[in-house]
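To start, the structure under review is shown below, and the notes come after it.
The values are calculated or read from the model by the stated rules, or taken from the named source; none is laboratory data. Bear in mind that the values here come from a model prediction, so they are computed numbers and not experimental data. Please note: Cβ atoms are built from the backbone with ideal geometry, for glycine as well, and neighbour counts cover all protein chains shown.
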Amino acid sequence: MTGVLVLAFFLPIASWQLLLVVPFFGITNGLSQAFLPTIISRSADQSVQGEILGINASVAALAQSIPPVIAGYLAAEIVAQAPIYVASLCIVLAGIIFWIFYKRTY
């Protein structure tokens with residue numbers, strides 16, 4: 001859902017219309033960021049929950065540092081909108097992969 005809403009940034013013709021899109025993006029992104037540690041915590045054994053959540057925090061920090069470099073390259077070398085398209089595609093693909101492979105263990 002978040003990936004589809006990222007693409008919705010291209011729908012507005014006037015800049016004020018972005019005010020209609022941004023809240024929905026914020027809601028879906030906020031919900032996914034809030035529930036992800038819960039899913040990870042419940043999927044791990046109690047004896048390794050702290051370790052798993054620490055690894056999750058490290059991966060999240062890494063995931064927030066590499067994309068700006070790639071986005072800068074895409075925007076400079078291809079077209080300014082390329083990072084949004086690539087990000088949307090990555091989010092949608094990650095959602096599909098999660099939906100296919102995630103097995104509830106509780």
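General remarks:
- Taking the range 40-98 as the range and being in a loop (DSSP other than H, G, I, E, B) and more than 25 Å from L11 (Cβ to Cβ) as the test, the residues that pass are A44, D45.
- Only one of the numbered conditions (1) surrounded by 10 or more Cβ atoms within 10 Å (Cβ to Cβ); (2) modelled with pLDDT of 85 or more; (3) more than 24 Å from W99 (Cβ to Cβ); (4) hydrophobic (A, V, I, L, M, F, W, C) is violated by L11, and that is (2).
- Members of the range 62-76 that are modelled with pLDDT of 90 or more and loosely packed, with under 12 Cβ neighbours inside 10 Å: L62, S65, I66, P68, V69, G72, A76
- Criterion violated by S88 - all others in (1) more than 13 Å from the chain's Cα centre (by Cα); (2) surrounded by 15 or more Cβ atoms within 10 Å (Cβ to Cβ) satisfied: (1)
- In the set V79, V59, V4, only one residue is surrounded by 13 or more Cβ atoms within 10 Å (Cβ to Cβ) and either among the β-branched types (V, I, T) or at pLDDT below 90 (or both); that residue is V4.
- Scope the range 41-56; condition polar (S, T, N, Q) and surrounded by 10 or more Cβ atoms within 10 Å (Cβ to Cβ); matching residues: S41, S43, Q49, N56
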